[in-house]
2 protein chains.
Amino acid sequence: MAVTMHDVAQRAGVSIKTVSNVVNGYPYIRPATRERVEAAIAELGYRVNVSARNLRTRRTGLVTLAVPELSLPYFAQLADAVMSAADAAGWTVLIEQTSASRERETEVLSGRRRHLTDGLIFSPLALGPDDIDLFTVDFPLVVLGERVFGAPADHVTMNNVAAAKAATLHLASLGRRRIAVVGAHAGQEVGSAALRTEGYRQGLAEAGLPYDPALVVEAGPWHRSTGAEAMARLLDAGVEVDAVFALNDALALGALHALHAHRVDVPGEVALMGFDDVDDARFAVPALSSVDPGRDQIAQTAVDLVLQRIGASGDPAPFRRVVPDSRIVGRESTGEDGSVVGVQPGGTELVAADLTVA
Amino acid sequence: MAVTMHDVAQRAGVSIKTVSNVVNGYPYIRPATRERVEAAIAELGYRVNVSARNLRTRRTGLVTLAVPELSLPYFAQLADAVMSAADAAGWTVLIEQTSASRERETEVLSGRRRHLTDGLIFSPLALGPDDIDLFTVDFPLVVLGERVFGAPADHVTMNNVAAAKAATLHLASLGRRRIAVVGAHAGQEVGSAALRTEGYRQGLAEAGLPYDPALVVEAGPWHRSTGAEAMARLLDAGVEVDAVFALNDALALGALHALHAHRVDVPGEVALMGFDDVDDARFAVPALSSVDPGRDQIAQTAVDLVLQRIGASGDPAPFRRVVPDSRIVGRESTGEDGSVVGVQPGGTELVAADLTVA
């Protein structure tokens, strides 16, 4: 079992960040602390990741992409986009699927396999804010998604709240008054479900529509099957509804199937909007309106950031948080023609590297 | 650039098979030939793949899966199934996407990255029968698909001809007489398109229906977009048609979209059948009838075979060719209720390892 930065921190009685600062050559560390860390490194035989350190000589030309589920079209298409972007830069991507298991996600970060490639692009789904220490690592890392904010790593995320608010407002602008949301996760305060449900609430409020808990439909994992079940539950309960905002496209496509099975006309009786704008959306019957979160830009940015870290020398650059522009695409399922009906601008934020001294 | 088995063969003036036989310790090789090969190995500094040779000491616990396109649901779901099967056996899968490029597929086999993992499961799409020499490799290899038959490797394939024939006969049994096929590749004699089109012809013949070239619709890559275009071409040409057999589900889902756009009722006017039975098929509107080629069994068998090769010692076992059972699943798009309406039995064939002496 390889010695990790965490073992060194424990032995030296310091934080992982301090070990990271010593290993990465930060200047502002007390000599006594530095000596303690260096002694622990020597005692434990800790070896800094060679691919990250010996920049010119030991490159593998490979980057790892770790995603929860390739059978979800969003992640399959994201993987495709990451590979295209890496390929254009002469790099190859190896993909790991974590199946949203805590154990697999921890393993991805633990470094046991990190010598295989030069950097990691990681979209966690099981780990959350309490696991932020695991994200202090000694190799180039780019975090994707909405589970962990503020880790000492570059981060590419989505315009979740603003885009979900815009989607809800768009449904209201079409005259819909009973807008359900499918895919809520009750009690969860982090992740895409919480953020997009918050956007939905803000959209209702801005449109002057009441928030009705009967219109908030839970779903477990965001698959077609759970979307179909959630939609059928709502219809079977006899709740009045004239629009559905599904929190991802898989849920929306399942909901569409359930609406069809219940002989509910889309968009005549119920307008439907998804989120992700996967390739399948365009070919659904009727074609699905959706939020395009900027998947290709997410992929390109993640590759750019990880390659910049791999190629960097000298003092580490500050970490960046990048949010691409998102767009509302109105297709048949909201009675529209496929054009972009709204843009939510993103942006880039610099997050200073943590130079806290021990 | 690492020295390959091909370099050794060229230097020694023998076939790659002979080098492979020497390296793998086959007994029936002339001493003079063995010496020539061993001299070439020494001169060139050729190193046998350590993960394949030092079985007990050097295992990585990793297997590579190389597929053409993760954005095609079939491959994304196959990858998911391969990972589940490997995971149950305590192994991890790294995925490479080749984008069906000859260069990437050749690189996958060349061994440059093969030391990263202990074995390879490979679904080629660009390489074909003329490239069979590339498949003589010094690491555990399982080939998937219909591009390359007879390589010195275990092979898991589909019941293509029998299943396509059964699908066509099933459409005929529902009273359809003008059955189009979408996704043909004119002039190609290898691969899924050729085999499934052959099954379509056999099905027509057995049903006593004429083969009409006007009903054979070409498509390039098998995506939703190409399926929609091909279907639109057929409809715009005014060809009489009452059923469509699409050679994969992505084509079928695209065709469904085009039928909907042309206001053609499915299955009232046109019955529709796909191939692959991807998860999306069940949730299409209307739900798509399809051929289930045994994806989970393909994944499980591929993992079993590659792990058996990795764990093997002594004389190599004969290579196996495995074909899972396939099934016709009749759903709404053929006016049925989702039950299995036909099974085509598969089987396992032993292919003796080639012991030809030089």
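Are any of the residues in the stretch B:281-294 within 14 Å of chain A (Cβ to nearest Cβ) and touching a His at 6+ places or on another chain (Cβ under 7 Å)? Walk me through it before giving the result.
Going through the stretch B:281-294, the residues within 14 Å of chain A (Cβ to nearest Cβ) turn out to be B:281-288.
Now restrict to residues that are touching a His at 6+ places or on another chain (Cβ under 7 Å): B:283, B:285.
There is at least one residue in the stretch B:281-294 that is within 14 Å of chain A (Cβ to nearest Cβ) and touching a His at 6+ places or on another chain (Cβ under 7 Å).
With (1) open to solvent by less than 40 Å² (accessible area, probe 1.4 Å); (2) at the interface with chain B (Cβ under 9 Å from one of its Cβ atoms); (3) modelled with pLDDT of 90 or more as the list, and A:SER71 as the residue in question, which single condition is left unmet?
Result: A:SER71 fails condition (3) only.
Within the stretch A:219-237, which residues are more than 14 Å from chain B (Cβ to nearest Cβ) and modelled with pLDDT of 95 or more?
If the condition is that a residue be more than 14 Å from chain B (Cβ to nearest Cβ) and modelled with pLDDT of 95 or more, then A:ARG233, A:LEU234, A:LEU235, A:ASP236, A:ALA237 are the ones that fit.
When the stretch A:249-275 is examined, which residues are found to be among the acidic types (Asp, Glu) and more than 13 Å from chain B (Cβ to nearest Cβ)? Lay out the reasoning, then the answer.
Just the residues of the stretch A:249-275 that are among the acidic types (Asp, Glu), to begin with: A:249, A:265, A:269.
Passing the criteria: only A:GLU269.
Test of understanding: among A:VAL161, A:VAL142, A:VAL156, which residue is surrounded by fewer than 22 Cβ atoms within 10 Å (Cβ to Cβ) and within 15 Å of the chain's Cα centre (by Cα)? Please lay out each step first, then the result.
Working: A:VAL142 fails: surrounded by fewer than 22 Cβ atoms within 10 Å (Cβ to Cβ); A:VAL156 fails: surrounded by fewer than 22 Cβ atoms within 10 Å (Cβ to Cβ).
One residue alone meets the criteria, A:VAL161.
Could you list, in sequence order, the residues of the stretch B:84-108 that are farther than 19 Å from A:MET83 by Cα and assigned to a helix (DSSP H, G or I)?
First, pick out the residues of the stretch B:84-108 that are farther than 19 Å from A:MET83 by Cα: B:84-92.
Listed by number, the residues that qualify are B:SER84, B:ALA85, B:ALA86, B:ASP87, B:ALA88.
Can you name the residue in the stretch B:128-185 that is in a loop (DSSP other than H, G, I, E, B) and among the polar types (S, T, N, Q) and is also nearest to B:LEU109 (Cα to Cα) among such residues? Quick ask: steps written out before the conclusion?
We begin by selecting, within the stretch B:128-185, every residue in a loop (DSSP other than H, G, I, E, B); these are B:128, B:136-140, B:145-153, B:157-159, B:174-178, B:185.
Add one more test, that the residue is among the polar types (S, T, N, Q), and what stays is B:136, B:157, B:159.
Values: B:THR136: 9, B:THR157: 19, B:ASN159: 25 Å.
Among those residues, the one meeting the criterion is B:THR136.
What number of residues within the stretch B:198-225 are under 20 Å from the mean Cα position of the chain (by Cα) and buried (at least 17 other Cβ atoms within 10 Å of the Cβ)?
Total meeting the criteria: 6.
For the condition buried (at least 18 other Cβ atoms within 10 Å of the Cβ), within 30 Å of B:THR348 (Cα to Cα) and at pLDDT below 95, what is the one hit in B:ASP280, B:ASP292, B:ASP249, B:ASP315?
Answer to the check: B:ASP280.
Step by step: first the residues of the stretch A:106-133, then only those that are crowded, with 18+ Cβ neighbours inside 10 Å, small (Gly, Ala, Ser) and at pLDDT 90 or above, then the one that is nearest to B:ARG59 (Cα to Cα). Which residue is that?
Filtering the stretch A:106-133 down to residues crowded, with 18+ Cβ neighbours inside 10 Å leaves A:108-109, A:111, A:113-114, A:116-125, A:127.
After this cut, where a residue has to be small (Gly, Ala, Ser) as well, the list is A:111, A:119, A:123.
Subset that is at pLDDT 90 or above: A:119, A:123.
Details: A:GLY119: 22, A:SER123: 27 Å.
Going through the qualifying residues, I end up with A:GLY119.
Only residues that are over 16 Å from the mean Cα position of the chain (by Cα), open to solvent by 10 Å² or more (accessible area, probe 1.4 Å) and either within 11 Å of chain A (Cβ to nearest Cβ) or in contact (Cβ under 8 Å) with a residue 24 or more places away in the chain (or both): list them for the stretch B:86-105, please.
Across the stretch B:86-105, the qualifying residues are B:ASP87, B:ALA89, B:GLY90, B:TRP91, B:THR92, B:GLU103, B:ARG104.
Do you know which residues across the stretch B:134-160 are modelled with pLDDT of 90 or more and small (Gly, Ala, Ser)?
B:GLY145, B:ALA153
The values are calculated or read from the model by the stated rules, or taken from the named source; none is laboratory data. No experiment lies behind these values; they were computed from the predicted model shown. Note: ideal-geometry Cβ built from the backbone for every residue, glycine included; neighbour counts use all protein chains shown. All accessible areas refer to the heavy atoms of the entire protein, side chains included, with ligands and DNA or RNA removed. Shrake-Rupley method; radii C 1.70, N 1.55, O 1.52, S 1.80 Å.
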